[in-house]
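Structure, as structure tokens:
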Amino acid sequence: MWSYFKFEFKQFFLNKKNLAIYFLLAFATFFYVFKIAPAYDPIESVDSEEIEARYLTRQEFLDHMEGRKLHGLHPAVIFAIEIFSQINPIDKARLDALEKGNLKKYADLTRDWYYFTNAITYKSDSFSYNSKYFIKNNEYAEDDAFYAYLEHAVRYDAYSKADYELSTEIFEQRTALQTLERLLKGILPIILIVCVLLLAIDMVAKDRRHPSILKGFPINDWKKLLVKMVVVLLGSAVLFIPLIVGFFIVGLQSGFGNFHLPSPVYAPHLDWRMEGKFEMMTLGTFLGQSLALLFTWFIVIISIVLLCSMLFRNEMVNFAVGILLIFGENFYFSRYVGFFWDVQNYPTSYIQVGQIISKQRNFYYMNDHLNFTLGLQLLLGLAAIVIFFIILTASNRRYKLIK
């Protein structure tokens, strides 16, 4: 069996298609590191000039209204005076904290700023969120801004109590670990899972090119298939090498961050006006759970491709089945559809790994039941069922790997 493993291992890493996948992923990683990451423009940034501009505009209004009797003024003007009188001292203190380099004080004040601003802005006709939330015709922009403000409030609360050195790069989530967190909440899981699909797609089909050699390995077909699965899993781990190199480059540019940084988790059971809407998880825990769920997806994809390879013996069918599984969520995903459907019971609902761990997907679906544990159980269960059918099918002479 060891000889067969070495044979498959060598074949896998000499495969030109597999080498091309590694090369393309490395190219995409370096393009991101040198072009996209440095140009990252967060919606919520540490911008003293912006804070000062808001502060001065409001203060000018307050100075102009000072000494006037409120009686007879329009209710909207009275409301503006009340709000500006409360928020301007916070902005002034934030500016002072930045000027003195007291980032903990800035974090403490910014937490209050987000909570207060969210309370007066959400579903308000008088105030609006940052205009950057309203690009691309997003009809849920206000809800997304509401989510982002509460998430930032919890992050800054954690920063205000931090026992590690703070920086504007940490506040703006530019460090290497925070960049990885953002990518795991975005397209990175899909890219990696598609790469695994492409790595596994010809693991059975290639055997037909040299049947005489393979007949020299006297082991059962199901054992050969399990060896193939292990080899592709090892090959999948190699996908992280260019990502690790990119991680170190980003770290040298913007700092590495640390595993104790906050990674808020959406908590739908909390009253946002009283308790916020997020619970706290460390960045280390977030990354650990994300990688666990991601590798479980690798096992599911590889096992399904191997089963399809035995049943259909066509690489394009393997690819089609894999793509349907990876992008299957798109057939039913819609904001708030989870209120009506039990989407938590569909394995395809857990493809956006980072958004599952942070429960951002719960917010999108309006469903309280999507979580890491259930997703892991569903995917492991699916993998176990598929592997069982692989062994069952391999014992049938009709589906022998080499005839």
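The values are calculated or read from the model by the stated rules, or taken from the named source; none is laboratory data. If you're wondering where the values come from, they're calculated on a predicted model, not measured in any experiment. Neighbour counts run over all protein chains shown; Cβ positions are idealised from the backbone, glycine included. All accessible areas refer to the heavy atoms of the entire protein, side chains included, with ligands and DNA or RNA removed. Shrake-Rupley method; radii C 1.70, N 1.55, O 1.52, S 1.80 Å.
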- prompt: Only one of these conditions is not met by Thr393: (1) of a type in the set (Ser, Thr, Tyr); (2) open to solvent by 10 Å² or more (accessible area, probe 1.4 Å); (3) closer than 26 Å to Arg182 by Cα. Which number is it?
  reply: (3)
message: Please verify whether Phe30 is closer than 19 Å to Gln178 by Cα, open to solvent by 100 Å² or more (accessible area, probe 1.4 Å) and in a helix (DSSP H, G or I), treating the condition exactly as stated.
response: no
query: Quick check: is even one residue across the range 368-380 modelled with pLDDT of 95 or more, of a type in the set (Gly, Ala, Ser) and assigned to a helix (DSSP H, G or I)?
result: yes
field: Within the range 224-333, helices (runs of 4 or more DSSP H) holding 2 or more residues that are among the hydroxyl-bearing types (Ser, Thr, Tyr)
entry: 283-312
query: Only one residue in Val321, Val300, Val305, Val317 is touching a Gly at 6+ places or on another chain (Cβ under 7 Å) and either among the aliphatic types (A, V, I, L, M) or touching a residue at least 60 places away in the same chain (Cβ under 8 Å) (or both). Which one?
result: Val305
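For every residue, the table says whether it meets (1) of a type outside the set (S, T, N, Q); (2) touching a residue at least 40 places away in the same chain (Cβ under 8 Å).
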| site | (1), (2) |
| --- | --- |
| Ser3 | no, yes |
| Phe13 | yes, yes |
| Ala37 | yes, yes |
| Asp63 | yes, no |
| His74 | yes, no |
Of the criteria (1) of a type in the set (A, V, I, L, M); (2) within 23 Å of Asp112 (Cα to Cα); (3) in contact (Cβ under 8 Å) with a residue 60 or more places away in the chain; (4) out of contact with any Ser or Thr (no Cβ under 6 Å at 6 or more places or on another chain), which one Leu287 fails: (2)
- prompt: Checking Ile387 against (1) open to solvent by 10 Å² or more (accessible area, probe 1.4 Å); (2) modelled with pLDDT of 95 or more, which single condition isn't satisfied?
  reply: (2)
Every residue from the range 186-197 that is over 18 Å from Gln360 (Cβ atoms) and either of a type in the set (S, T, N, Q) or buried (at least 19 other Cβ atoms within 10 Å of the Cβ) (or both): Leu192, Ile193, Cys195, Val196, Leu197
message: Based on this model, can you work out whether Ile304 counts as in contact with a helix residue (DSSP H, G or I) (Cβ under 8 Å, 6 or more places away or on another chain), under 30 Å from Ala394 (Cα atoms), open to solvent by 10 Å² or more (accessible area, probe 1.4 Å) and not basic (Lys, Arg)?
response: yes
- request: Go through the range 134-165 and give me each residue that's more than 15 Å from Leu283 (Cα to Cα), open to solvent by less than 20 Å² (accessible area, probe 1.4 Å) and among the hydrophobic types (A, V, I, L, M, F, W, C).
  value: Ala141, Ala145, Phe146, Ala148, Leu150, Ala153
field: Leading residue by the ranking (farthest from Gly284 (Cα to Cα)) among those in the range 166-199 that are assigned to a loop (DSSP other than H, G, I, E, B) and of a type in the set (Ser, Thr, Tyr)
entry: Ser167
query: What number of residues within the range 335-362 satisfy the criterion of being open to solvent by 10 Å² or more (accessible area, probe 1.4 Å), β-branched (Val, Ile, Thr) and in contact with a helix residue (DSSP H, G or I) (Cβ under 6 Å, 6 or more places away or on another chain)?
result: 1
